[in-house]
Amino acid sequence: MSLFVSQLFNGLQTGSVYALVALGYSMVYGIILLLNFAHGDIIMVGAYTAFYAMTAFHLHPILSVVLAVVTSTLLGVVIEKVAYTPLRSAPRLSLLITAIGISFLLENGAQLLFGADTKSMDTLVPGNVSFGSVTISYTAILTIIVAVIAMVALTLLVQKTKLGKAMRAVSEDMGAAQLMGISLNKTISFTFAVGSALAGIGSVLYLCAYSQASPTMGSMLGLKAFVAAVLGGIGSIPGAMIGGFAIGLLEALVAAVGLSVWKDAVVFAILIVVLLVKPSGIMGHPVTEKV
Amino acid sequence: MKNMKKLFCFALAVVMLLSVMAGCAAKTEQGSSTTQASESTASTETASNESADASDAAATDGEIDIAFIGNTTGDYAQYGIPVRNAVMLYFDQLNAAGGINGKKVVVKEYDDKGDGVEAVNAYNLAKENGITAVIGSVLTGATIGLADATYEDNMPQITASATATGVTVMEDTGEVRTNVFRACFIDPFQGQKMADYAVEKLGAKTAAIFYETGSDYSEGLKNAFVVEAERMGLEIVDTEAFATGDKDFKAQMTNIASKNPDIVFCPIYYGEAGLAIQAARQAGCTATFLGGDGFGSVKDYASAEELEGSVYCSGYAPGTEDVAQFEKDYCETFGVEEVPNMFAPLAYDASMIMAYGLKAAEDAGLEAGTDEYKQAVIDAIKTMDGVKGITGTYSFDSDNNPIKSVAIIELTGGEEVFKEMF
């Protein structure tokens, strides 16, 4: 039983990171129907920022975290302005290919800048705490708390603020929102900024868990978060959270019963099953095609 | 692209050195085992120089001719050159100290460029030049090619560095090439050694295993560990695995922590090993971590506290008493800052083993080059019992793999410190 609880926390910890990344995917898809495959690589840049801030410049961890989040946010907005805005009226496929191109650019740029080897640092939050026979690491507790706070803040932002209202309006109907006087450019940029900031937080939580940064770390993480977003219902914010935690728990469970080698296979099998059985995901609304 | 540029620069540098040495080649003493004070010796040239006067050298009484075959040029020359240098160093020192029973050992060197066909060509040339034993080759592929040829002639052969099973045992038939030996241990041997170490030195009763599926290295070590653990009465309480590329080991380590083993054997490479140990400590696992030589430089991949007490085995421990003299001699002779890799000391030991065999044949009063002589060399090496080299003590098992001591390296205060020979 205690083993099960421990594994539950492992799953929640991994799931928190997936959920934060999946939120970015979902929000961007919700607003401009773009699968932003460069999203995973924004996490990579965030992780490198935090890594160098702490190891090369010896900044305080909190300051480094802030720096990583700010860098990710700026990067997300710049990518949107440079690569996606000019293509807003282009076919969706062009946009998708551009996103993949940006992803390659970031990965290879990082290899050029930082080298292809894995950079490693000491564990950020060492130690664990035991409740009876259940041992939980401080990293897990911190990760889960930070992720939950970020999600609550995001929900408040989307539901209670004017900008959030604008975001919801744009995702509902871009044309009508524009006619109602909502600035499209501003709203879309803001969405990218929020999504990328969440990725920045995710990158720091990832560093806490694995304390390694490598140029391709974002690709697998991004893909799994994408699966989480699809599972939850892409475009849906609560869906992304549920999907992220579900994938994290599933991975921990699969590994716990000794099938760790099949972990990735199981995750991607989920993607196939969801697309076959319920393409709109857990929380998504089925879209009726209008003739 | 960067590597290409480096390679090109290196090639240019070699060409330049060649042209310089071409000028002084005439001054190089012929026929003796020359030790040129350069890392990038043009061995093809030396070989041809020596083959030119080999016919008379072979006939000379009071000399024992052997061949060194290895890749001293080409892509992996950074492995071949240190091996060549260490072999030359050993026999120069041996000759300076009076040789074997007063006879000098002449090492004729041939470059196989890391290629099996070239190695066999070099061997055939060496045979014409009257050699009686072969040291080489360096890379696994070339060594297997060479071993096929030497086996037909029952020519004593020892490699310093080829770790593949197929070098001493034909993989399709399981037939042992009785004439071929190696100075390095094969990968699975480390698993066996670490199981022994866990029981005998750490007093472990229970063990968990964490390995990488689909990796020959990891599975080889793991299987050997399991077999030896069973023999030693070490109970394996949990076996966990991960797929190549995975970084998330929390779930596996939580399982291991719940079984509370005395030790965890991780036959994996340093990057994953660091992550595994971090994850284990966070999951509350306090067991000692054991690894193979893949653990080398793990100190950069987890913190000092997490690693404290972990041990791994290695074929060679830099800076220990036994190798200190060798390291000093090597650096002085070849004008380098440090011994480039573990192949140099292993090549020095390979030379020692071959010299041991030659001495036995000489003691028996046999004539170099004859079949009886070669058999005597092989028999002597085969039956050697705990002969001390600089990387450990040597005996050989039924497959001609060395049974030797390994260097145990312990993680202490964030440093990898040599602990003992085991």
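The values are calculated or read from the model by the stated rules, or taken from the named source; none is laboratory data. Nothing here was measured: the structure is a model prediction, and the numbers come from that model. With ideal geometry, Cβ positions are generated from the backbone for all residues, glycine too; neighbour counts draw on all protein chains shown.
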Requested in this report: Name the single residue, out of those in the stretch A:233-267 being within 13 Å of another protein chain (Cβ to nearest Cβ) and not aliphatic (A, V, I, L, M), that is farthest from B:Tyr211 (Cα to Cα).
Outcome: A:Gly248
Query raised in the report: Is one or more of the residues making up the stretch B:240-257 under 24 Å from the mean Cα position of the chain (by Cα), over 28 Å from A:Gly218 (Cβ atoms) and more than 10 Å from chain A (Cβ to nearest Cβ)?
Result: no
Query - Single condition B:Ala54 does not satisfy, out of (1) at pLDDT below 60; (2) within 28 Å of B:Glu327 (Cβ to Cβ); (3) over 23 Å from the mean Cα position of the chain (by Cα) - result: (2)
**Report entry** Neighbours by Cβ (under 6 Å, 6+ apart or cross-chain): first from the stretch B:191-213, touching a residue at least 40 places away in the same chain (Cβ under 8 Å); second among the polar types (S, T, N, Q) and buried (at least 18 other Cβ atoms within 10 Å of the Cβ)
**Finding:** B:Tyr211/B:Ser218; B:Glu212/B:Ser218
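Yes/no matrix, rows are residues, columns are (1) part of a loop (DSSP other than H, G, I, E, B); (2) within 23 Å of A:Val129 (Cα to Cα); (3) at pLDDT 90 or above:
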site	(1), (2), (3)
B:Asn223	no, no, yes
B:Arg231	no, no, yes
B:Ala241	no, no, yes
B:Met253	no, yes, yes
B:Gly271	no, no, no
B:Gly274	no, yes, yes
B:Phe289	no, yes, yes
Requested in this report: Would you kindly identify the helices (runs of 4 or more DSSP H) lying entirely within the stretch A:139-225 that contain at least 3 residues that are buried (at least 21 other Cβ atoms within 10 Å of the Cβ) and within 17 Å of the chain's Cα centre (by Cα)?
Outcome: A:184-210
Report summary line: A:Met151 passes all but one of the listed conditions (1) in contact (Cβ under 8 Å) with a residue 24 or more places away in the chain; (2) farther than 16 Å from A:Val194 by Cα; the exception is number (2)
Report summary line: Scanning the stretch B:319-330 residue by residue, those in contact with a Pro (Cβ under 8 Å, 6 or more places away or on another chain) and either without any contact (Cβ under 8 Å) to a residue 12 or more places away in the chain or among the hydrophobic types (A, V, I, L, M, F, W, C) (or both) turn out to be B:Val323, B:Phe326
Report task. Filter the stretch B:276-301 down to residues that are within 26 Å of B:Gln192 (Cβ to Cβ) and without any contact (Cβ under 8 Å) to a residue 40 or more places away in the chain and give me whichever is nearest to the other protein chains (Cβ to nearest Cβ). Result -> B:Tyr301
Report summary line: Checking A:Ile247, A:Ile237 in turn, the sole residue that is surrounded by fewer than 24 Cβ atoms within 10 Å (Cβ to Cβ) and in contact (Cβ under 8 Å) with a residue 40 or more places away in the chain turns out to be A:Ile237
Requested in this report: From (1) free of Cβ contacts under 8 Å to residues at least 60 places away in the same chain; (2) of a type in the set (S, T, N, Q); (3) farther than 19 Å from B:Glu415 by Cα, pick out the condition that doesn't hold for B:Thr333.
Outcome: (1)
Query raised in the report: Looking at B:Val264, is it touching a strand residue (DSSP E or B) at 6+ places or on another chain (Cβ under 7 Å) and either farther than 25 Å from B:Thr165 by Cα or within 9 Å of chain A (Cβ to nearest Cβ) (or both)?
Result: yes
Query raised in the report: Considering only residues of the stretch B:117-157 that are free of Cβ contacts under 8 Å to residues at least 40 places away in the same chain and among the β-branched types (Val, Ile, Thr), which is farthest from B:Gly80 (Cα to Cα)?
Result: B:Thr150
Query - Residue list for the stretch A:97-117, restricted to those being crowded, with 18+ Cβ neighbours inside 10 Å and either within 10 Å of chain B (Cβ to nearest Cβ) or acidic (Asp, Glu) (or both) - result: A:Glu107
Report task. For B:Glu219, state whether it is part of a helix (DSSP H, G or I), within 26 Å of the chain's Cα centre (by Cα) and of a type outside the set (A, V, I, L, M, F, W, C). Result -> yes
Requested in this report: Mind telling me which of the residues A:Val261, A:Val291, A:Val266 ends up being surrounded by fewer than 21 Cβ atoms within 10 Å (Cβ to Cβ), modelled with pLDDT under 90 and part of a helix (DSSP H, G or I)?
Outcome: A:Val261
